[in-house]
Each structure stands twice: as C-alpha cells, then as structure tokens.
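Down below is the structure, laid out as structure tokens.
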Amino acid sequence: MKASVLSFRAAVLMGIAGMIWGIAMAINEDHSTFPAHAHFNLLGWVSLFLFGIYYHLHPAIDRTWLPFAQVWVWIVATIVFAIGVGLLQSWHEIGAPLAGVGSLVILADMLLFGWLVYRPAQTALAGQASTSAAE
Ligand code: HEM
Ligand code: HEM
C-alpha cells in the first residue's frame, strides 16, 4: 500500500473517532479531556491528511518503505500520546510517561518527515549542479 493511501485512510478513521469523542464530551457536559481530543484530531485527522497530500504529490517516494513507516509510527504515537494526555487530564499519573514518550516519538517522526522533505530537494539541486558543471 502507498504511504499516501495509508495516511488518508488513517486520517479519516481518526477524524471520525475524534469527532465521536467531541460529541461524547458535549453530551456528557464533561470537557475535561479536551486537550487530548484536540491533539488527537490535530495530529490524527489534520496532520495525517497533510502527510497524505505531500506523499501523493511525490510519487517517487510514495511507494517506498520509509514514508510508510513514518505514517505508521505517527498513527501509533498519536494514539499513545492522546491516551496519555487523556489519562493525565483525568488525574491518572500513569498518563505522564505515555504522553512523554508519545510526544518524543511524534517529534522524532516529524524530524524523519522533514528529512524526507529536504532529501529530494537536495537530490534535485545536486542534479542541477552536475548538469551546470557539464555545460
Ligand atoms: C463533531 C466534531 C467535534 C465536536 C463535537 C467537538 C467538540 C469539542 C468540545 C466539546 C471541546 C471542548 C471545548 C471547551 O471546553 O473549551 C472541543 C475542543 C477542541 N476541539 Fe473539538 N470537536 C469536534 C471536532 C474537532 C476537530 C475536527 C478538531 C481539529 C481538527 C477539533 C479541535 C479542537 C480543539 C483544538 C479544541 C480546544 C479548543 C480550545 O483550546 O478551547 N475538534 N471540541
Ligand atoms: C508532540 C506534539 C505536541 C505536544 C507535546 C503539544 C503540547 C501542547 C501543550 C502542553 C499544550 C498546552 C495544553 C494546556 O495548557 O492545557 C498544547 C496546546 C495546544 N496545542 Fe499542542 N502539542 C503538540 C502538537 C500540536 C500540533 C501538531 C498542533 C496543531 C496542528 C497543536 C495545537 C495545539 C492547540 C490548538 C492547543 C490549545 C488547545 C489545547 O489546550 O488543547 N499541538 N499543546
């Protein structure tokens, strides 16, 4: 499966889950877990959809394993992070290590995405440089 397809599919599922979470908070008149809901939606629905667009626009890397792994790590880390923040908001200390580890993995995965974004540009520039040198 392409990284973009995985990204779009996961984004939709997490968007639906995040909205159900929001509706549940509203119905129960208990907004205590809203930071976890907010980040689940922003990292799960919004960020994954944006990764999907980027990978779709770069078909040369869309079929390779590294973007696929980047998306999977993001999915798992976002779920761990949101559970951790949700537990912390409801005064369960066990949430702290989950939120901490989740956030660090999310940051590392963003750095990996950044590397994937900059790498093709460097390759293109290197290609241009060798073409100009040959002229
Ligand atoms: C059916 C859809 C949704 C419902 C019913 C819903 C419901 C809620 C509720 C009840 C709160 C708590 C508000 C408060 O106490 O201040 C909240 C906060 C928040 N939600 Fe949602 N939400 C939905 C979808 C989304 C989506 C799709 C996103 C992001 C893409 C999102 C992002 C946020 C953010 C950032 C906050 C925190 C706002 C603040 O700082 O006050 N929500 N939402
Ligand atoms: C590793 C990733 C992230 C960490 C550790 C993080 C951490 C935090 C923290 C500590 C707060 C303050 C919460 C409070 O005072 O109750 C916050 C708020 C907020 N963050 Fe993040 N954030 C992350 C990623 C993001 C991303 C990617 C977005 C947007 C795309 C975002 C949007 C927001 C918004 C809208 C708020 C205010 C609403 C709220 O309190 O939940 N964050 N974040």
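Nothing in this text is a laboratory measurement; each read-out follows from the coordinates by a stated rule. Everything numeric in this text was worked out from a predicted model, so none of it was measured. Neighbour counts run over all protein chains shown; Cβ positions are idealised from the backbone, glycine included.
For the chain, a Gaussian network of Cα nodes joined below 10 Å ranks Ser47, Ser103, Ser90 by mean-square fluctuation, and the top entry is Ser90.
Calculate for the chain the 222 nm mean residue ellipticity that helices alone would give, adding -39,500 (n - 2.57) per DSSP H run of length 4 or more and normalising by residue count, nearest 500 deg cm²/dmol. Intermediate values should be presented prior to the final figure.
Values: 6 runs with 111 residues, N = 135.
Taken over the chain, the calculation gives -28000 deg cm²/dmol.
Taking a point 7 Å from the Cα of Leu107 along the Cα-to-Cβ direction, none of the residues of region 48-65 has its backbone N closer than 19 Å to it. In the chain, the longest principal axis of the Cα atoms and the axis of helix 65-89 are about 20 degrees apart. Helix 3-28 and the long axis of the chain differ in direction by around 20°, with both axes built from C-alpha atoms. Please state the shape class of the chain: rounded when a/c is under 1.5, otherwise prolate if a/b exceeds b/c and oblate if not, all from the C-alpha gyration tensor. Prolate is the answer for the chain, as a/c is 1.5 or above and a/b outweighs b/c.
Distance from the Cα centroid of region 101-121 to that of region 29-71 is 12 Å (rounded to whole angstrom). Once R0 is set to 25 Å, what does the formula 1/(1 + (r/R0)^6) return for the Cβ-Cβ distance between Val117 and Arg9, expressed as a FRET efficiency to the nearest 0.05? E between Val117 and Arg9, to the nearest 0.05, is 0.70.
In this simple spin-label approximation, Ser32 and Leu50 carry label points 7 Å from Cα along the Cα→Cβ vector, and these lie 3.1 nm apart. In terms of packing, defined here as the mean over residues of other Cβ atoms within 10 angstrom, the peptides 77-87, 60-70 line up highest first as 77-87, 60-70.
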